[in-house]
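The structure appears below as structure tokens.
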Amino acid sequence: MTAAKHIGVYPGTFDPITKGHLDIIERGLTLFDELIVAVAESPLKAPLFDIDERLLMIRREIKKHKNVRVEKFNCLLIAYMKEKRAKTVLRGLRVISDFEYEFQMALTNRKLAPEIETVFMMTAENYAAVSSRFIKEIARLRGDVGAFVTPNVKARLKDKYFPSGR
């Protein structure tokens with residue numbers, strides 16, 4: 001009899017995926033047999049990239065990893081976790097303010113589903129100060145986001161903000 005796979009779920013909006021997110025994915029792979037990057041549709045956040053664009057960008061960045069899946073979801077995270085038979089949520093932390101929000105969410109999830117654990121992972125220090133929101137603002141103002149995103153994502157941001165190439 002083979003042991004059950006230890007499946008982790010890394011949920012987020014990933015609008016767009018950053019080097020910080022990729023850092024968490026890479027390091028998270030050491031904890032799980034399989035990692036699902038669960039992309040929230042998040043219409044209330046009014047994402048810059050639609051769900052299909054975000055899925056495509058992430059898949060392109062993680063294609064070398066055979067034990068990572070990228071999927072969209074639009075339901076309660078706990079329901080998604082149960083559907084996938086996953087027992088662990090992976091969450092990245094950048095700064096202390098992230099912890100307060102993530103801690104509240106983890107406690108709420110534990111109330112809803114005590115069998116599901118949340119694991120917090122600190123991002124690499126060189127990505128700690130930057131969020132997707134900051135990256136979008138820098139790109140919109142024609143700043144160089146190359147230190148924070150991959151060349152593919154940088155090009156997608158440029159195309160989104162300046163479709164005529166200006």
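Some observations on this one:
- When region 96-145 is filtered for residues that are touching a Leu at 6+ places or on another chain (Cβ under 7 Å), closer than 28 Å to residue 158 by Cα and aliphatic (A, V, I, L, M), the ones remaining, listed by number, are 139, 145.
- Against the test of being within 24 Å of residue 30 (Cβ to Cβ), within 17 Å of the chain's Cα centre (by Cα), open to solvent by 40 Å² or more (accessible area, probe 1.4 Å) and of a type in the set (Ser, Thr, Tyr), the options 101, 127, 80 yield a single qualifying residue, 127.
- Residue count for region 75-103 under the criterion of being of a type outside the set (A, V, I, L, M, F, W, C), modelled with pLDDT of 95 or more and closer than 20 Å to residue 42 by Cβ: the result is 4.
- Only one of the numbered conditions (1) surrounded by 14 or more Cβ atoms within 10 Å (Cβ to Cβ); (2) under 15 Å from the mean Cα position of the chain (by Cα); (3) closer than 16 Å to residue 16 by Cβ is not met by residue 133, and that is (1).
- Test result for residue 157, over 16 Å from residue 39 (Cα atoms), in contact (Cβ under 8 Å) with a residue 40 or more places away in the chain, in contact with a Pro (Cβ under 7 Å, 6 or more places away or on another chain) and open to solvent by less than 90 Å² (accessible area, probe 1.4 Å): yes
- Selection from region 111-156 of residues that are hydroxyl-bearing (Ser, Thr, Tyr) and part of a helix (DSSP H, G or I): 127, 132
- Residues that are under 12 Å from the mean Cα position of the chain (by Cα) and either under 18 Å from residue 7 (Cβ atoms) or exposed (fewer than 12 other Cβ atoms within 10 Å of the Cβ) (or both) within region 49-58 comprise just one, 58.
- Candidates 19, 66, 5, filtered to the one that is on the phi < 0 side of the Ramachandran plot and either at pLDDT 95 or above or in contact with a helix residue (DSSP H, G or I) (Cβ under 9 Å, 6 or more places away or on another chain) (or both): 19
- Qualifying residues in region 84-95 (those that are more than 15 Å from the chain's Cα centre (by Cα) and open to solvent by 50 Å² or more (accessible area, probe 1.4 Å)) - the one nearest to residue 153 (Cα to Cα): 95
The values are calculated or read from the model by the stated rules, or taken from the named source; none is laboratory data. Only a predicted model underlies this, so the values are computations on that prediction, with no experimental measurement involved. Every residue, glycine among them, receives a Cβ derived from its backbone with ideal geometry; neighbour counts consider all protein chains shown. The accessibility values were calculated without ligands, DNA or RNA, using every heavy atom of the protein model including side chains. Shrake-Rupley method; radii C 1.70, N 1.55, O 1.52, S 1.80 Å.
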